[in-house]
Structure formats: C-alpha cells, structure tokens
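Structure record follows, encoded as structure tokens.
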Amino acid sequence: MSANLKYLSLGILVFQTTSLVLTMRYSRTLKEEGPRYLSSTAVVVAELLKIMACILLVYKDSKCSLRALNRILHDEILNKPMETLKLAIPSGIYTLQNNLLYVALSNLDAATYQVTYQLKILTTALFSVSMLSKKLSVYQWLSLVILMTGVAFVQWPSDSQELNSKELSAGSQFVGLMAVLTACFSSGFAGVYFEKILKETKQSVWIRNIQLGFFGSIFGLMGVYVYDGELVSKNGFFQGYNRLTWIVVVLQALGGLVIAAVIKYADNILKGFATSLSIILSTLISYFWLQDFVPTR
Ligand code: C5P
C-alpha cells in the first residue's frame, strides 16, 4: 500500500511539474490585453486553495461527518498551538526562499539561475543525512552528483543567453549568486524539516499542510502588501486573472499537495529525481509536440 502511494505520488509529481511548466510558459507567451496578474496574489490564492483541498481531504477521512471534521480541526490545530507553530518555521523559510529566488532572477540570467539552483539536490541530501540520519551508499552519492551535473548541463546557457548575462554587472551577479545559493540551503532545510515533522509526529499530512498553508497565507498577504499594495488598491486583488491564470494557480496548489504526499510517502531526495524527470518530459514535449525547442549538443 505504502509502496504504491510512494510511486503514485512521485508519478503525479512528474505530471504536475511538467504541466505547470508548460502552462506557465504558454501563459507567458500568450498576448492578452489589460494588466497582467500579480504573482504575489497568485501565491496567496494557491495557498488558500491548498487549505480548502486539505480540509476536504480531512472531511473525507472523518467519514464525511461535519462534526468529526470540526472536532479534528479544533483538537489538532487550535488546541495544539505549539505543534501548529512548528510549521511557521518551514513556512517562513519557503516565503523567504520565494523572495530570494525573485532577487536571484532580477540579478542573474535565467539559465545561470537554473544551473546554480540545482545545487539544492546536494544540499537536500546533506540535510537528510544530518537531520534524519539517513545513510546513503557511495553509489547513491555518486548518482546524486551525476544527477546534479546532468541537470546543470541541461540548463547550461546557450550562446544567445550568454550575451544577456554579460549585460549584468559583476556586483549584481554576486548579489544574485548569493541569493540563489542561500535559496539552495533554505530549500534543502525546509523540505527536510517538513519531512522530519511528518515522519516523527502523528498528525496527518493534510493537517500539517493546513498548518503550513495558514502561515503561508499570512506571509503571502504580507508579500502582497509590501510588493503590490498600491497596484492592488488601484486595480483590485484579482486584476488580470483569466482562465489560464486559474489553471496555473490550481496546478500550483496541486503541487503543494503532491509535494507534501511525496515527502510523506517517499522522501525529499526522490522528489529531486522526480522533478528532474519532469525536465526530460517537458523537453520531449517541447521538442516533439510544441516544436518550440531545438536541443543543442
Ligand atoms: O525548490 P523547492 O523544491 O524547495 O520548492 C518547494 C516548493 O513547494 C516551495 O515553493 C513551497 O512553498 C512548496 N511546498 C508546498 N507545500 C509543502 C511543501 C512545499 O507548497 N508541503
């Protein structure tokens, strides 16, 4: 049962990551009139959708009884403030991480950013070994290094992208690099911390995700206020939302659910392999189906 859930969750993660990448790319190339949606509000909407989906899953687990649902939410979330507060740590780190990646992308070209961010595969393994006492064999370490190198090569800048990177000053490259390196450590730490909480305490993965989403929504709303407060008060929270925006937001929320399931039934290291598999899959779809990508040597 648990082995089935492991491979099912990993398979859905590959499908979810691939469709999110392709839909986001499609939504970016689509020309629409009017203002574009604000990504800060999309983050909050995805967190709220995630909480709603998790509440539905807890409702289903409690045999569709509203009274039982109410009791579980009360007992497991409201009456255990210290347990709930534990989730503020990964949630705050993930918020910081999303902001760091924004700083990184403003100071580095997309390809350099992607290559460097793959270092998170190794930091995740290091945190798994030190915080969860996981033991990895020499072959497993070797596979991780090969995976990281392979993914980094796939993302390596092509000639035209190198031209763009030369336009960025050395100082700004340094800021970008520091941001992405810090994000590698925060990604590894937050993922493994969440895995530790899931595997060492009794609360269900959906309760844990509601707690994570609660703090995520609060931090996300702070982000909307700081980055886009003026735009929101002028054009509204949902400015620029269209059907495609909703698909992206739903896929993002689904991503949060699937990542949580993968961390519970598999682990963070296998999550790295699943997302890398999705790079291969989206490359194949881009090349054979969408025909908007020609692979270089
Ligand atoms: O790059 P990395 O794999 O660390 O990104 C993980 C992403 O998954 C973060 O953006 C985080 O907000 C999200 N996440 C989630 N729910 C979880 C765990 C992670 O939405 N339970």
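Scan region 83-123 for residues that are closer than 19 Å to Gly216 by Cβ and away from the ligand (no atom under 16 Å from the Cβ) and the total you get is 1.
Can Phe293 be described as out of contact with any Leu (no Cβ under 9 Å at 6 or more places or on another chain), open to solvent by 90 Å² or more (accessible area, probe 1.4 Å), away from the ligand (no atom under 16 Å from the Cβ) and farther than 15 Å from Val43 by Cβ? No, not satisfied. Among what's in region 218-231 and is under 22 Å from the mean Cα position of the chain (by Cα) and open to solvent by 40 Å² or more (accessible area, probe 1.4 Å), pick the residue that is nearest to the ligand (Cβ to nearest atom). So, considering only residues that are under 22 Å from the mean Cα position of the chain (by Cα) and open to solvent by 40 Å² or more (accessible area, probe 1.4 Å), the one nearest to the ligand (Cβ to nearest atom) is Phe219. If you go through region 100-111 and pick out every residue that is open to solvent by 30 Å² or more (accessible area, probe 1.4 Å) and either among the hydrophobic types (A, V, I, L, M, F, W, C) or touching a Lys or Arg at 6+ places or on another chain (Cβ under 6 Å) (or both), you end up with 4. Number of residues in region 124-144 that are within 15 Å of Leu181 (Cβ to Cβ) and surrounded by 20 or more Cβ atoms within 10 Å (Cβ to Cβ) equals 2.
Whether a residue is open to solvent by 10 Å² or more (accessible area, probe 1.4 Å), among the aromatic types (Phe, Trp, Tyr), at pLDDT 90 or above and away from the ligand (no atom under 14 Å from the Cβ) was assessed, and Trp206 does not pass this test. Within region 22-47, if we keep just the residues that are assigned to a helix (DSSP H, G or I), away from the ligand (no atom under 13 Å from the Cβ) and open to solvent by 30 Å² or more (accessible area, probe 1.4 Å), the residue that is farthest from Val248 (Cα to Cα) turns out to be Thr29. In the set (1) surrounded by 16 or more Cβ atoms within 10 Å (Cβ to Cβ); (2) more than 10 Å from the ligand (Cβ to nearest atom), Lys234 fails one condition alone, (1).
Only one of the numbered conditions (1) in contact (Cβ under 8 Å) with a residue 40 or more places away in the chain; (2) more than 30 Å from Asn79 (Cα to Cα); (3) hydrophobic (A, V, I, L, M, F, W, C) is violated by Ala261, and that is (2).
Of all residues in region 204-230, those that are under 19 Å from Val258 (Cβ atoms) have Cβ atoms under 6 Å from Cβ atoms of residues that are in a helix (DSSP H, G or I) and small (Gly, Ala, Ser), 6 or more apart or on another chain, in Val205/Ala260; Asn209/Ala260; Leu212/Ser91; Gly216/Ser91. Taken over region 74-99, residues that are in a helix (DSSP H, G or I) and open to solvent by 40 Å² or more (accessible area, probe 1.4 Å) amount to 14.
Within region 60-72, can one find any residue that is under 29 Å from Val224 (Cα atoms) and touching a Phe, Trp or Tyr at 6+ places or on another chain (Cβ under 8 Å)? Within region 60-72, none of the residues are under 29 Å from Val224 (Cα atoms) and touching a Phe, Trp or Tyr at 6+ places or on another chain (Cβ under 8 Å). Of the numbered conditions (1) at pLDDT below 90; (2) outside any helix (DSSP H, G or I); (3) of a type outside the set (Ser, Thr, Tyr), Leu277 satisfies every one except a single condition; which is it? Here Leu277 meets the rest and fails (2). Scanning region 61-73 for residues that are surrounded by fewer than 16 Cβ atoms within 10 Å (Cβ to Cβ) and within 27 Å of the chain's Cα centre (by Cα) yields a single hit, Asp61. Scanning region 237-275 for residues that are away from the ligand (no atom under 15 Å from the Cβ) and among the polar types (S, T, N, Q) gives Gln239, Asn242, Thr245.
How many residues does region 245-271 hold that are over 15 Å from the mean Cα position of the chain (by Cα) and over 19 Å from Leu48 (Cβ atoms)?
3
The values are calculated or read from the model by the stated rules, or taken from the named source; none is laboratory data. Every value quoted in this text rests on a predicted model; they were computed, and no experiment measured them. Please note: Cβ atoms are built from the backbone with ideal geometry, for glycine as well, and neighbour counts cover all protein chains shown. Please note that ligands, DNA and RNA were not included when accessible areas were found on the heavy atoms of the full protein model with its side chains. Shrake-Rupley method; radii C 1.70, N 1.55, O 1.52, S 1.80 Å.
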